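In what follows, a single structure is set out as structure tokens and then discussed.
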Amino acid sequence: MNHAIASLSWPEVSARRMERSSLSAPSPQAGSAEIVSALCGAHAQVLSAAELAVALRIEGATRSDVRTDLWDRRQVVKTYGPRGTVHLLTTADLPMWIGAFSSIPQSPSPFPKDVRMTEDQTEQVVAAIGKSLESAELTIDELTDAVVEATGPWAGDLVMEAFQGKWPRWRQAMTLAAHRGVLCFAPNRGRKVTYTNPLRYLSGISPLDGPTAQARLVQKYLHAYGPATPQNFAQWLNAPRGWAGNLFRSLAGEIQEVDFEGTTAWINAGDTTAPADTPRGLRLLPYFDAYVVAAQPRSLLYPGRAAERALTPSGQAGNYPVLMVDGTVAGVWHQRRSGRRIHVTVEPLKPLSAAQLAELDEQVERVATVLEGKPELTIGTVSVGGHA
């Protein structure tokens, strides 16, 4: 006997996701850790953008609050997260992330044969990184010395192509070391980046086993960004599609199929509710905001000209800060700091009404408050290109 599956429309899904991402309204009680956990991580390649993304979602918060939770209270960790890119993750979620990352099939090495390390060398390097950072905060040069001393001169061979010159061979294992839970960022020492071992902050808590961690990650992802397909999940993680498909099949009973605008997608079992109201209002989201990177399908989130203006030619999201209107991308924006002055330029793709212009003023004021500056708004063309 065939049972009709639940159906969710784009306005319903958009409203669900925005509410769960604290974009419908800033949360009056959440802290940085709760927001970062709800987002399944905040992209932090540009740390100031991550600070803005998190603080905008918390009533009255500023970038200083996020920094305190990151560097002083250690409730948030800066490390290599989904897609191997720098993210803020919560310390409490690290056992899940480490367990999941450690059990996702590894992609083939992108490096030439003469640059690659053997499996044994890679394991030696990861162990040396973890041991060297056990009770220390080291710069990249100090960590290089420690790894080479523990493993051998081969680890220090300058063979990796870098922005200006070459990096030592061992550095190709940094993301793996982070995903194994033995490397994360520590506070800068002056202008120098430092690293430490996040296990220092876990008080003896062990990572979850692979299957448990993977199941929990799927459930968190679907809560935030469902309905979604295994392919969406694989793209978000930069993991093999076949593996993601098998993982979703293994969770039968814990997740369920729904009809989402004519396609089959998945949500957590029983999680079919949606807010009564469709999304309303303006939001300014920074570079690589988790919402615009993870929410699919992009054809609905970036309708019409928004795709041309706010996505890269290859369809990548996040490279431009975006103006969202009523739940969809409707423009781009840019901010430039000059002392205390925050110069904000917003380029809407359609003319804004008087009420929308008033709300835009409020949003720009909020951005400036988070960044601890004074706002200055210009509505016009954003001439700055996308972030690499």
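The values are calculated or read from the model by the stated rules, or taken from the named source; none is laboratory data. Everything numeric in this text was worked out from a predicted model, so none of it was measured. Note: ideal-geometry Cβ built from the backbone for every residue, glycine included; neighbour counts use all protein chains shown.
Summary of values
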quantity: Checklist (1) buried (at least 19 other Cβ atoms within 10 Å of the Cβ); (2) within 22 Å of the chain's Cα centre (by Cα); (3) at pLDDT 95 or above; (4) not β-branched (Val, Ile, Thr) applied to residue 318, failing item; calculated: (3)
quantity: Residue 296 vs. criteria modelled with pLDDT under 95, among the polar types (S, T, N, Q) and either within 30 Å of residue 264 (Cα to Cα) or out of contact with any Ser or Thr (no Cβ under 9 Å at 6 or more places or on another chain) (or both); calculated: no
quantity: Criterion violated by residue 51 - all others in (1) at pLDDT 95 or above; (2) within 22 Å of residue 285 (Cα to Cα); (3) in contact with a Phe, Trp or Tyr (Cβ under 8 Å, 6 or more places away or on another chain); (4) not in a strand (DSSP E or B) satisfied; calculated: (3)
quantity: Hits in the stretch 234-271 - residues which are within 16 Å of residue 101 (Cα to Cα), under 21 Å from the mean Cα position of the chain (by Cα) and among the aliphatic types (A, V, I, L, M); calculated: 234, 237, 239, 244
quantity: Pick from the stretch 288-306, criterion of a type outside the set (A, V, I, L, M, F, W, C) and surrounded by fewer than 22 Cβ atoms within 10 Å (Cβ to Cβ), ranking: farthest from residue 13 (Cα to Cα); calculated: 305
quantity: Residues that are within 25 Å of the chain's Cα centre (by Cα), within 22 Å of residue 59 (Cα to Cα) and without any contact (Cβ under 8 Å) to a residue 40 or more places away in the chain, drawn from the stretch 345-372; calculated: 365, 368
quantity: One residue from 81, 60 being surrounded by 23 or more Cβ atoms within 10 Å (Cβ to Cβ) and either out of contact with any Pro (no Cβ under 6 Å at 6 or more places or on another chain) or modelled with pLDDT under 95 (or both); calculated: 81
quantity: Given (1) under 27 Å from the mean Cα position of the chain (by Cα); (2) β-branched (Val, Ile, Thr); (3) surrounded by fewer than 16 Cβ atoms within 10 Å (Cβ to Cβ), index of the condition residue 90 fails; calculated: (3)
quantity: The stretch 299-346, residues that are in a strand (DSSP E or B) and more than 20 Å from residue 53 (Cβ to Cβ); calculated: 338, 341
quantity: Test: residue in the stretch 204-216 that is closer than 25 Å to residue 9 by Cα and within 23 Å of the chain's Cα centre (by Cα); calculated: no
quantity: Failed item, numbered, when residue 26 is tested on (1) surrounded by 19 or more Cβ atoms within 10 Å (Cβ to Cβ); (2) touching a Lys or Arg at 6+ places or on another chain (Cβ under 6 Å); calculated: (1)
quantity: Unmet requirement for residue 347, which otherwise passes all of (1) buried (at least 18 other Cβ atoms within 10 Å of the Cβ); (2) over 28 Å from residue 83 (Cβ atoms); calculated: (2)
quantity: In the stretch 100-142, the residues that are farther than 30 Å from residue 246 by Cα and outside any helix (DSSP H, G or I); calculated: 112, 113, 114, 115, 133, 134, 135, 136, 137, 138, 139
quantity: Candidates 13, 46, filtered to the one that is crowded, with 19+ Cβ neighbours inside 10 Å and either in contact (Cβ under 8 Å) with a residue 40 or more places away in the chain or more than 19 Å from the chain's Cα centre (by Cα) (or both); calculated: 13
quantity: Residue tally, condition farther than 16 Å from residue 324 by Cα and in a helix (DSSP H, G or I), over the stretch 366-388; calculated: 3
quantity: Search result, residues across the stretch 138-162 that are over 16 Å from residue 120 (Cβ atoms) and among the hydroxyl-bearing types (Ser, Thr, Tyr); calculated: 139, 144
quantity: Condition met for residue 269 (of a type in the set (A, V, I, L, M, F, W, C), surrounded by fewer than 22 Cβ atoms within 10 Å (Cβ to Cβ), over 25 Å from residue 377 (Cα atoms) and at pLDDT below 95); calculated: no
quantity: Index of the failed condition, residue 281 passing every other in (1) of a type in the set (Gly, Ala, Ser); (2) within 30 Å of residue 365 (Cβ to Cβ); (3) surrounded by 21 or more Cβ atoms within 10 Å (Cβ to Cβ); calculated: (3)
quantity: Any pair with Cβ under 6 angstrom, 6 or more apart, that starts in the stretch 242-260 at a residue that is closer than 13 Å to residue 217 by Cβ and ends at one that is of a type in the set (Phe, Trp, Tyr) and assigned to a helix (DSSP H, G or I); calculated: 244/233
quantity: Residues satisfying the stated conditions in the stretch 103-125, i.e. aliphatic (A, V, I, L, M) and under 25 Å from the mean Cα position of the chain (by Cα); calculated: 104
